[in-house]
Amino acid sequence: MTVPWPFLWQNINMQQTALPIQPILAPLQQALAHSAVVLQAPPGAGKSTALPLYLLQHNPDTRWIMVQPRRLAALSIAQYLSAQLEQSVGQTVGYQVRQQRQRSAATRLLIVTEGMLTRMLQSDPTLSDFDGVIFDEFHERNLHSDLGLALVLESRQIRDDLKLLVMSATLPAADLATWLQGQGTRCEVLHSDGRAYSVDIQYEPPTATQTYLEKCAQVIRRLLTQPDGPQGMLVFVPGQSEIAWLQRELTSLVQQHADLDCFGLHAGLSLSDQQQVLQAPARGKRRIIISTNIAETSLTIAGIDYVIDSGRERQALYRPKYHTTELITRRVAKAAATQRAGRAGRTGPGGCTRVYAQSDWHGMADYRPADIEQQELTDLSLQVACWGAQMQDMAWFTPPNPSHVAAAHEWLRAIGALNAQAQATPYGQSLANAAADVGAAHAIAQVQQDDALSQRQRDATMLAIAYWLSLEEGRESQQVNGLDAIEQLQQQPATMPRTRQRLKYWLHQFELTDSHTLDSDSVIQAAIRLYPLGLARLRGGSANFTLATGAGVSWPSGHGQSLALSKSLSQAAWLIVTQISMHEQHSQGVIRQALALTKAQAEALFAGVLAAQLQQQVEHVWRSANGGLEQVERTMYRNLVIQQRASQQLPDRAAMSDAMVAYVQQHGIATLGWTPHCVQYLRRLQRFQQAHPELGLRLSDSELLSTLAQWAAPFWAHLTTLAQLRQWAPQPALAQLLDYAQQQQLEQLLPARWVAPSGRAHRIEYQADGSAFVGLKLQEVFGTAQTPKLLNGQLPLTFELLSPAGRPLQRTSDLANFWQGAYVNVKKEMRGRYPKHPWPDDPTTAPATHLTKKALHGQSK
């Protein structure tokens with residue numbers, strides 16, 4: 001019998017009054033009538049359960065979308081809410097996730113994942129069938145949540161009646177609200193308490209001889225021996241391999257306890273397997289659930305009263321240089337650690353052991369970086385282009401990484417998905433609507449559109465694509481040789497359960513069976529289409545390779561590890577690298593998996609599938625360190641040289657000039673023939689420019705380098721070798737930077753020589769700091785009471801006053817002070833040493849001379 005709706009709502013209302021969210025439900029209803037709302041509520045408040053039911057009850061004619069970051073959470077919440085309404089999923093409450101949906105015309109609350117929201121918005125930009133959008137667990141901040149919010153904000157510019165509610169457990173609500181208001185969105189902030197019991201937190205870092213996983217196992221064993229030990233333990237580790245290790249480590253322990261079960265929980269499990277883990281244990285059963293961060297939020301796992309937190313998680317980090325995404329293990333943020341510990345206090349008092357030191361906690365970041373800052377943005381960029389917008393014009397809560405955007409646009413243009421204005425092409429639109437990511441969708445489209453392939457070849461290549469995609473997504477094979485990994489998946493599927501599951505998915509998508517023939521040519525054809533930037537060529541005679549991106553990769557080696565490569569890999573000059581990892585110990589990428597190509601196979605690719613992507617380049621290279629320039633013709637695949645040959649044609653004058661400019665810019669301005677005379681001329685020019693900035697002379701080293709083609713290259717018409725270039729003196733070219741009047745002014749204000757009162761001219765040494773220096777015998781400045789100044793009195797000369805033997809006596813830029821002070825002591829000491837030279841008591845009135853007293857006396861006669 002169907003229960004009357006009023007009775008159901010009354011029953012639900014009674015449940016809501018017991019939840020912390022209840023006091024803010026009415027204010028939330030009022031706020032949504034005229035503004036967007038940001039709700040900050042910790043786990044257990046009821047924001048994912050009671051709140052949407054309240055909105056359904058009090059807005060009977062409305063339809064809502066609630067966005068969840070994880071598929072499992074979407075299904076679990078849909079099932080829970082439907083059970084509260086005593087309905088089947090798909091009636092009032094439904095869900096729609098990838099590959100699965102349960103909804104009907106009666107559905108008023110549709111729970112979707114963030115990627116599904118993007119697809120819905122692309123097909124219906126105003127969400128015309130819905131009245132409001134709820135973002136749950138927004139603090140998880142994956143790419144599609146940020147994109148979804150940005151798209152919804154644009155939709156609200158067209159539909160101001162579209163309600164918006166953003167909910168988060170940890171993200172500061174005020175920051176998000178301030179940003180929304182900055183985007184022109186009226187916004188209110190509401191806070192709710194959470195329903196959490198006390199959790200006793202302990203810190204137990206591993207010993208010096210333990211790994212953190214070994215410490216986790218030790219803590220589990222200890223807890224199980226306690227008489228009043230926990231009934232349900234939730235253990236957080238970074239990834240699936242750590243889950244598998246810990247499960248193996250606990251096998252004997254589980255076998256010893258008939259009342260104990262041990263489960264793994266991660267996104268690689270099927271939805272049905274994940275849901276089974278969430279269900280309450282049988283009466284009298286204890287459980288250990290070893291999970292990735294999938295269990296941090298949203299999911300309610302029955303019977304958990306203790307958490308063991310490794311303090312680590314797996315994060316995806318994009319490496320544009322390698323055009324690959326690396327999964328790295330990092331410390332969690334404080335917000336995530338708090339969420340994890342809170343799982344032990346959802347239904348009663350609990351405990352938490354953090355397998356790290358308390359000092360590590362204090363060093364953690366408050367929040368994990370947003371995915372949009374560190375992940376690959378190819379799919380996101382294409383979705384934005386299909387929306388009809390530019391990346392920089394979208395409303396991003398956190399701006400995307402500019403270098404990642406540039407890399408994405410470069411790749412999308414290269415495959416024809418974007419045009420030069422970063423607008424989606426019809427081909428790009430088709431890729432965005434595909435079931436695979438852009439790279440895989442492009443590879444699949446290439447195979448399907450290749451008329452040179454027979455149907456048998458096409459099926460075989462699609463089968464190989466399915467295998468490669470499964471190996472990449474499963475990441476279970478330790479085989480470095482890609483062919484060996486495929487063979488392992490074919491012959492020993494039980495050793496790779498996740499990969500086998502993904503293979504079943506792709507075979508279903510491609511409408512293929514595993515009975516199709518898989519040959520080496522098909523494997524190569526599939527690999528080069530999926531990983532076109534993974535083509536790599538041996539560099540020199542080493543184990544290092546250069547990728548098509550220009551980045552370097554090498555085989556794993558060193559640090560006590562050795563790698564036994566198959567003959568095909570160890571002798572390969574060409575590879576298709578399918579998986580790369582990064583390590584702190586290596587300065588370049590490390591090959592995790594690759595496919596070896598023979599010379600004939602590589603040449604077949606260049607003549608076939610890659611032929612249209614080859615480019616012919618003419619480059620000019622110097623024959624030797626002192627030699628001339630020659631012209632080289634190269635066939636290139638992106639940054640790889642496929643073929644190179646010397647041209648019979650000699651470089652023209654323009655090519656010679658460009659090559660010389662490039663050489664000097666690479667090796668520095670000092671490459672040129674800077675004689676002391678040239679250096680002095682440049683310093684005079686620089687001091688002249690300081691006094692007359694209106695001249696606009698660009699004379700720093702970097703400016704001289706950047707403008708070489710303008711001021712220096714016109715004087716190189718007679719140069720043909722690097723040896724001549726290094727001997728070329730720049731002064732004549734520098735002089736042409738001034739017109740005749742300016743050159744005359746330079747000679748007047750900053751002369752190369754200074755004529756002393758003795759009548760002798762002395763070279764002025766202009767210093768890098770802008771000062772001017774003259775070295776001469778002390779007697780030559782007799783009669784000079786004040787220091788002479790250059791540059792219209794702005795630049796005093798600094799004198800190096802020398803003895804008659806040419807040894808330094810004093811350095812001064814203040815002659816008046818010298819005559820009155822230091823000269824007295826100099827005179828006393830020098831009179832006895834050089835009696836033949838004049839040492840007058842009043843040097844300011846004595847005649848200047850470079851002669852001895854006798855010669856001076858004879859001259860006076």
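The values are calculated or read from the model by the stated rules, or taken from the named source; none is laboratory data. If you're wondering where the values come from, they're calculated on a predicted model, not measured in any experiment. We place every Cβ from the backbone using ideal geometry, glycine too, and count neighbours over all the protein chains shown.
When PRO730 is tested against (1) over 30 Å from LEU629 (Cα atoms); (2) assigned by TED's automatic domain parsing to the domain that holds HIS677, exactly one condition is not met: (1).
The strands (runs of 3 or more DSSP E) found entirely in the stretch 760-835 that carry 2 or more residues being closer than 25 Å to LEU856 by Cα and in contact with a Lys or Arg (Cβ under 8 Å, 6 or more places away or on another chain) are 761-763, 772-777, 795-802. Out of ASP228, ASP175, ASP160, one residue alone is under 27 Å from GLY44 (Cα atoms) and assigned by TED's automatic domain parsing to the domain that holds LEU32. It is ASP175. Candidates in the stretch 806-856 are the residues that are surrounded by fewer than 14 Cβ atoms within 10 Å (Cβ to Cβ) and either under 60 Å from the mean Cα position of the chain (by Cα) or of a type in the set (A, V, I, L, M, F, W, C) (or both); of these, the one that is nearest to LYS777 (Cα to Cα) is PRO808.
This table checks each residue for (1) in the same structural domain as ALA341 (by TED's automatic domain parsing); (2) more than 18 Å from SER310 (Cα to Cα); (3) out of contact with any helix residue (DSSP H, G or I) (no Cβ under 7 Å at 6 or more places or on another chain).
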{"site": "LEU180", "(1), (2), (3)": "no, yes, yes"}
{"site": "TYR203", "(1), (2), (3)": "yes, no, no"}
{"site": "GLY232", "(1), (2), (3)": "yes, no, yes"}
{"site": "SER241", "(1), (2), (3)": "yes, no, yes"}
{"site": "TRP245", "(1), (2), (3)": "yes, no, no"}
{"site": "THR251", "(1), (2), (3)": "yes, yes, yes"}
{"site": "GLN255", "(1), (2), (3)": "yes, yes, yes"}
{"site": "ALA258", "(1), (2), (3)": "yes, yes, yes"}
{"site": "LEU265", "(1), (2), (3)": "yes, no, no"}
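Cβ separations smaller than 7 Å between residues 6+ apart or across chains give the following pairs from the stretch 808-831 residues that are touching a residue at least 24 places away in the same chain (Cβ under 8 Å) to residues that are buried (at least 17 other Cβ atoms within 10 Å of the Cβ) and among the hydroxyl-bearing types (Ser, Thr, Tyr): LEU809/SER803; SER813/THR787; SER813/THR798; ASP814/THR787; LEU815/THR784; LEU815/THR787; MET830/SER803. Residues of the stretch 217-255 that are surrounded by 12 or more Cβ atoms within 10 Å (Cβ to Cβ) and assigned to a loop (DSSP other than H, G, I, E, B): GLY229, PRO230, GLN231, VAL237, PRO238, GLY239, LEU250. Scanning the stretch 353-389 for residues that are crowded, with 22+ Cβ neighbours inside 10 Å and either within 17 Å of PRO206 (Cα to Cα) or out of contact with any helix residue (DSSP H, G or I) (no Cβ under 9 Å at 6 or more places or on another chain) (or both) yields THR353, ARG354, VAL355, TYR356.
Kindly indicate whether THR185 is assigned by TED's automatic domain parsing to the domain that holds TRP64, part of a loop (DSSP other than H, G, I, E, B) and surrounded by fewer than 23 Cβ atoms within 10 Å (Cβ to Cβ). Answer is yes for this residue. Restricted to the stretch 131-163, and to residues there that are of a type in the set (A, V, I, L, M) and part of a helix (DSSP H, G or I), the residue that is farthest from TRP179 (Cα to Cα) is ILE158. For the residues GLN579, GLN478, the requirement of being modelled with pLDDT of 90 or more, within 23 Å of LEU269 (Cβ to Cβ) and not assigned by TED's automatic domain parsing to the domain that holds GLY268 singles out GLN579.
For the stretch 766-790, the set of residues classified as crowded, with 17+ Cβ neighbours inside 10 Å and touching a helix residue (DSSP H, G or I) at 6+ places or on another chain (Cβ under 7 Å) consists of TYR766, VAL781, THR784, THR787, LEU790, listed by residue number.
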